[in-house]
Every structure is written in C-alpha cells, then in structure tokens.
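So the structure is just underneath, and the comments pick up after that.
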C-alpha cells in the first residue's frame, strides 16, 4: 500500500503558492493552499 504525502502551503498567491502546488501535485502529493494566516493554517491542521 502506497502512502500519499499531504502538504499545506500557507501562501495562496499566484506567484508562489499556486506554482508550488502545481509542481507538488505533479509528483502525486495532496496539496492544500491557505492564506498567510496562522489561525487559518491551524484550523486546517
């Protein structure tokens, strides 16, 4: 059974966050984007 890596990126900007998410998804990872807000990040975790 293969485990899938889950990644949260706390930067949803088009310049960085979305580009990183696209690359990581191409490697088969589950990627979640959220804003640069620690409280929002904790809610997701």
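Okay, which of segment 1-33 sit inside 18 Å, backbone N to the point 7 Å along the Cα-Cβ direction of residue 40? Backbone N within reach: 7-22, 31-33. Each helix, a run of at least 4 DSSP H residues, gives -39500 (n - 2.57); summed and divided by the residues of the chain, these come to -10500 deg cm²/dmol at 222 nm. With the largest listed first and rounded to whole Å, the semi-axes of the equivalent ellipsoid of the chain from the Cα gyration tensor are 19, 15, 4.
Coordinate-derived values only; no laboratory data. Quick caveat: nothing in here was measured; it's all calculated off a predicted structure. Don't worry about glycine lacking a Cβ; one is built from the backbone with ideal geometry, like all the others, and counts go over all protein chains shown.
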